[in-house]
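The values are calculated or read from the model by the stated rules, or taken from the named source; none is laboratory data. All values reported here derive from a predicted model rather than from experimental measurement. In this analysis, Cβ positions are derived from the backbone assuming ideal geometry, glycine residues included, and neighbour counts consider all displayed protein chains.
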């Protein structure tokens with residue numbers, strides 16, 4: 001059962017709140033952003049029954065929105081029996097505390113970040129995904145503990161002597177105890193995720209040694225990445241028409257038209273205002289993107305805000321310091337497109353190519369595979385290598401994984417003129433001769 005369902009399986013009723021700050025330049029306008037927030041609420045299992053917006057010169061330091069609008073919303077949620085109020089932007093602990101006082105203890109106050117974290121918690125299907133979400137939740141919760149414990153008075157130590165748990169030191173509040181406990185949990189989760197990261201790194205190293213190029217799927221949430229992976233591999237990849245249906249990275253092998261192989265990895269979708277705690281917590285997952293030889297940026301061509309979604313993804317890639325690897329822009333969902341021109345291509349220098357497809361019907365997938373292969377080949381690095389005879393294993397691997405143009409036997413070893421993919425270049429760099 002969802003966290004937002006009552007005991008009789010009825011969805012909790014939610015009310016959305018959006019604020020437009022003058023001189024702010026958000027990617028989406030207020031109306032479109034609230035519509036997206038409504039989709040997030042629906043994905044989380046809530047029933048949206050109303051919304052309110054306010055245009056302001058600046059954020060109110062106490063209640064985020066103005067006191068008049070707060071009172072107006074309070075009346076609306078009482079009339080409509082609302083259990084959850086969701087703000088479209090991240091609230092400070094003070095905002096949450098003051099809003100809870102006004103709306104009452106029976107009304108939950110969430111912001112966009114908390115809502116996304118709840119969706120991630122519902123959709124995490126593997127141990128790794130659960131660890132990443134739990135870490136993000138604790139890091140989000142830590143600065144907000146004040147709102148839960150302000151009613152407690154400072155207590156003296158000696159809890160164990162009086163039969164208590166004995167966790168508090170002299171003069172510690174319950175808040176301080178909780179902060180320390182959450183700090184320990186965060187440290188433990190980070191240690192576990194570091195082990196996951198090292199395990200992933202070993203797998204990537206094995207792929208690199210095998211010379212198999214890695215192609216990573218990136219895109220706005222619900223752009224169709226998982227559907228594309230399922231179509232290209234004819235496998236049982238989980239697909240759902242909802243936001244953040246896929247959290248855990250999934251890698252599949254794909255044959256290119258020439259017979260060469262690649263591995264394609266599907267990762268978590270991006271969204272505007274993605275919580276920074278999530279980006280940090282999903283570092284192990286996002287490293288699959290950072291180590292890729294090629295990015296496929298999948299976009300929902302039929303979405304009215306497709307250009308803004310493209311910009312959001314590019315901003316997120318920049319935030320995680322994505323290396324300068326070739327990118328292909330994949331205009332997906334052409335089966336839902338009508339006979340009007342495609343959106344104007346943006347920043348053509350950023351993309352090596354673009355292609356229009358329908359991952360749902362499979363139309364254009366053959367052309368996409370050809371473009372993937374052409375792009376990988378065009379970005380091969382031509383080098384001359386001197387491989388000692390005692391490293392015949394490296395020579396064999398090069399013939400299996402790279403384009404060997406010329407071979408010459410000398411007293412020092414085998415000189416090979418080869419075209420290397422980015423994933424192999426670093427491994428053979430020490431053997432490079434000449435320029």
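For this structure, a couple of remarks:
- When residue 22 is tested against the conditions (1) under 19 Å from residue 85 (Cβ atoms); (2) out of contact with any helix residue (DSSP H, G or I) (no Cβ under 8 Å at 6 or more places or on another chain), the lone failure is (1).
- Cβ-Cβ under 7 Å pairs, at least 6 apart or on other chains, the range 400-420 side on the phi > 0 side of the Ramachandran plot, far side modelled with pLDDT of 90 or more: 413/386; 413/387; 413/388; 413/389
Rundown of residues vs (1) touching a strand residue (DSSP E or B) at 6+ places or on another chain (Cβ under 6 Å); (2) without any contact (Cβ under 8 Å) to a residue 12 or more places away in the chain; (3) buried (at least 20 other Cβ atoms within 10 Å of the Cβ); (4) farther than 18 Å from residue 106 by Cα, yes/no style:
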{"site": "16", "(1), (2), (3), (4)": "yes, no, yes, no"}
{"site": "22", "(1), (2), (3), (4)": "no, no, no, yes"}
{"site": "26", "(1), (2), (3), (4)": "no, no, no, yes"}
{"site": "29", "(1), (2), (3), (4)": "no, yes, no, yes"}
{"site": "33", "(1), (2), (3), (4)": "no, no, yes, yes"}
{"site": "47", "(1), (2), (3), (4)": "yes, no, no, no"}
{"site": "54", "(1), (2), (3), (4)": "yes, no, no, yes"}
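- Any hit, the range 149-164, residues being at pLDDT 70 or above, over 31 Å from the mean Cα position of the chain (by Cα), under 29 Å from residue 19 (Cα atoms) and not in a helix (DSSP H, G or I): no
Let's see how each residue does on (1) over 39 Å from the mean Cα position of the chain (by Cα); (2) farther than 24 Å from residue 256 by Cβ:
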position: 359; (1), (2): no, no
position: 363; (1), (2): no, no
position: 374; (1), (2): no, no
position: 380; (1), (2): no, no
position: 391; (1), (2): yes, yes
position: 397; (1), (2): no, no
position: 405; (1), (2): yes, no
position: 412; (1), (2): yes, yes
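- Scoring residue 105 on the criteria (1) under 29 Å from the mean Cα position of the chain (by Cα); (2) farther than 21 Å from residue 270 by Cα; (3) without any contact (Cβ under 8 Å) to a residue 40 or more places away in the chain leaves a single failure, condition (1).
- For residue 413, the conditions (1) surrounded by 15 or more Cβ atoms within 10 Å (Cβ to Cβ); (2) within 29 Å of residue 354 (Cα to Cα) are fulfilled apart from (2).
- Residue check for residue 111: in contact with a strand residue (DSSP E or B) (Cβ under 8 Å, 6 or more places away or on another chain), under 30 Å from residue 174 (Cα atoms) and without any contact (Cβ under 8 Å) to a residue 60 or more places away in the chain: yes
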